Every structure is written in structure tokens, then in C-alpha cells.
Amino acid sequence: MSQECIFCKIIDGDIPAKVVFEDDDFLAFNDISPQAPTHFLVIPKKHISGPAALTDSDQALMGKLVKVGTDLAESSGIQDGFRLVMNNGERAGQTVFHLHMHVLGGRSLTWPPG
Ligand code: AMP
Ligand code: ZN
């Protein structure tokens, strides 16, 4: 838990969010500023500042995180096309320094991203 981390506060229920999934290790909730008709975030409950802070001991956790996001994409009805995104560092657009995976879908997604 990081005292100033907005996502840790969501995990603790101190900041409200539209939760779409929760288990012992993960929380998924709708992005407050959706960039697609379906846009939610999957986060580990463990505070990790971002992908670059992962250690070898986080490998199983990250595998599960991708599986949770994929299962939720399917149950959300965007299985025909969705994107999993993790930004690392301010230059890549990371604004919240608690690791999170964006799950986006519900429209055609172009490539390359901006
Ligand atoms: P990133 O820019 O990759 O760090 O993604 C952070 C995401 O968190 C952005 O898409 C924000 O819209 C989203 N976000 C920030 N604050 C909240 C919040 N309180 N509830 C839900 N999503 C949030
Ligand atoms: Zn945190």
C-alpha cells in the first residue's frame, strides 16, 4: 500500500469506482475517462509502480492478470477485438504509478497508437 496511490485507495474503498471484478489478488474497474465504449483497468492489489518494477516473483501474478483481463473482455462482449495496454513511464503516457492493464474494445482500434 502506498499512502498517496489513488489505485491503492480504490482497492481500500476510500475512493469509489465502478468495480467489474474482484478476487484476492486483482481488482478491475471502469476507467474514469473511457477511450472506447468498453474501457476498464485490471490492477493487482499488490502495489507495484509499473511494468519496470516487476520482479521474477511477479511472473505468475502477471500471467493471471492477463488472463483476468482476457476473461473479462470475453464476458463483456468485446471478444471480437480488444486491446490490452500497459504504459510504462511518463513518456509513454503513464499517469498512475500503480501497475494497471487497460482493456479497451467496442470499436475498431487503429494501429499504431499515438
Ligand atoms: P495511464 O495513463 O496508463 O497511467 O492510465 C491511468 C488511467 O487511470 C487513465 O486512463 C485514467 O483515466 C484512469 N483513472 C485515473 N483516476 C481514476 C479513477 N479515480 N477511477 C478510474 N480510473 C481512473
Ligand atoms: Zn498503489
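The values are calculated or read from the model by the stated rules, or taken from the named source; none is laboratory data. Keep in mind the model is a prediction, meaning the values are calculated, not measured. Heads up, the Cβs are rebuilt from the backbone with ideal geometry, glycines too, and the neighbour counts pull from every protein chain shown. Side chains are part of the model used for accessible areas, which takes the heavy atoms of the whole protein and leaves out ligands, DNA and RNA. Shrake-Rupley method; radii C 1.70, N 1.55, O 1.52, S 1.80 Å.
Any chance you could give the angle, 0 to 90 degrees and rounded to 10, that helix 59-75 forms with the longest Cα principal axis of the chain? Once rounded, one gets 40 degrees. For the chain, the convex hull spanned by the alpha carbon atoms encloses 109 Å³ per residue.
Sorting Thr55, Thr95, Thr70 on solvent-accessible area from highest to lowest, probe radius 1.4 Å, gives Thr95, Thr55, Thr70. Close amide H partners of Lys45, meaning residues 5 or more places away or on another chain with modelled amide H under 5 Å apart, are Phe26, Leu27. Modelled spin-label separation between Met62 and Gln79, with each label point placed 7 Å from Cα along the Cα-to-Cβ direction: 2.7 nm.
For the chain, the number of Lys pairs separated by eight or more positions or lying on different chains, with C-alpha atoms closer than 20 Å, is 9.
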